[in-house]
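Heads up, the thing below is written out as structure tokens.
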Amino acid sequence: MSDIHRRRISSGLINKLRTFPVDAVIVGGDAAEKGVPLSRVKRNFQLLATVGPLYYIFGNNDQEVGTEGLLKIIEETGGMTLVDQTLDIPGHPTWGLCGLQDPSNGMVDVDQAVASTIGYKHLILAAHNPSLFRKIEGRMEPKLMLAGHTHGGQIRLGKWGLQDLGVFQKTTNGAKLISNGFGTTMVPLRLGAKPECHVVEIHY
């Protein structure tokens, strides 16, 4: 799930997600924006943490509510924040989850991220902005790449939109998922770009 922004996650969605054996809950940035109370963010994270181990990658709007407050909430809910680093996925010792911070929070240290992947046979790469995928081309070979940020254009008129619709497609090494995101920003409206929360199943 990415780009929650102002939205409240429903208990109904959480109950549905709990029906799956989830090994990692990856929140791909923009859990908040200016004007969103941290109490709402904390409730959303508390709910998500009941689904499975929680991982967070910062987005470009998060700093509007203060990264320190978000870091505290993530820690209090048992989550882990990925900043140009790779962490284990419980129960899958050959798999690593590598997260790249958004450039709005500071320079992305690709060298550090690549070095952190040593020792893992398989990788999942998570970044808020899909433009970061280009930074790792030829430097790591993730089986799955995840991103959000674009909202699928959020408001579309037929085929026209400010951004492309989200997409799931095969790559040379595995697959890539760019999500439409879950919430909205600026205008509380979606048209032609449905909100998305994904369950990805990997066989190996």
Output the residues belonging to segment 43-68 that are crowded, with 21+ Cβ neighbours inside 10 Å, out of contact with any strand residue (DSSP E or B) (no Cβ under 7 Å at 6 or more places or on another chain) and aliphatic (A, V, I, L, M).
none
For residues in segment 119-139 being among the small types (Gly, Ala, Ser) and open to solvent by 30 Å² or more (accessible area, probe 1.4 Å), which is farthest from Thr150 (Cα to Cα)?
Gly119
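Among the candidates Leu71, Leu38, which residue alone is hydrophobic (A, V, I, L, M, F, W, C), open to solvent by 50 Å² or more (accessible area, probe 1.4 Å), touching a residue at least 12 places away in the same chain (Cβ under 8 Å) and more than 19 Å from Leu177 (Cβ to Cβ)?
Values: Leu71 fails: touching a residue at least 12 places away in the same chain (Cβ under 8 Å).
Being hydrophobic (A, V, I, L, M, F, W, C), open to solvent by 50 Å² or more (accessible area, probe 1.4 Å), touching a residue at least 12 places away in the same chain (Cβ under 8 Å) and more than 19 Å from Leu177 (Cβ to Cβ) holds for just one of Leu71, Leu38, which is Leu38.
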Applying the selection to segment 138-177, what residues are closer than 21 Å to Pro103 by Cβ and basic (Lys, Arg)?
Arg139, Lys176
Those residues of segment 30-54 which are within 13 Å of the chain's Cα centre (by Cα) and either of a type in the set (D, E, K, R) or modelled with pLDDT under 95 (or both), in sequence order:
Asp30
Which numbered condition Ser10 misses (of (1) touching a strand residue (DSSP E or B) at 6+ places or on another chain (Cβ under 8 Å); (2) surrounded by fewer than 19 Cβ atoms within 10 Å (Cβ to Cβ)):
(1)
Condition first: open to solvent by 50 Å² or more (accessible area, probe 1.4 Å) and charged (D, E, K, R). Can you find one or more residues in segment 86-108 that meet it?
yes
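Could you list, in sequence order, all residues of segment 181-190 that are farther than 24 Å from Glu137 by Cβ and not hydroxyl-bearing (Ser, Thr, Tyr)? First the steps, then the outcome.
Of the residues in segment 181-190, the ones farther than 24 Å from Glu137 by Cβ are 182-190.
Result: Phe182, Gly183, Met186, Val187, Pro188, Leu189, Arg190.
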Can you spot a residue in segment 4-20 that is part of a loop (DSSP other than H, G, I, E, B) and under 22 Å from Val83 (Cβ atoms)?
yes
I'm checking my understanding of the structure. Among residues of segment 168-190 that are aliphatic (A, V, I, L, M) and touching a Gly at 6+ places or on another chain (Cβ under 9 Å), which one is surrounded by the fewest Cβ atoms within 10 Å (Cβ to Cβ)?
Leu177
Could you list, in sequence order, all residues of segment 145-165 that are closer than 18 Å to Gly181 by Cβ, without any contact (Cβ under 8 Å) to a residue 60 or more places away in the chain and part of a strand (DSSP E or B)?
Met145, Ile155
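The values are calculated or read from the model by the stated rules, or taken from the named source; none is laboratory data. Note that the coordinates shown come from a computational prediction; the quantities given were computed from them, not determined experimentally. Glycine gets a Cβ as well: all are built from the backbone with ideal geometry, and neighbour counts include every protein chain shown. Ligands, DNA and RNA are stripped out before the accessible areas are found, and what is left, the full protein with its side chains, is counted by its heavy atoms. Shrake-Rupley method; radii C 1.70, N 1.55, O 1.52, S 1.80 Å.
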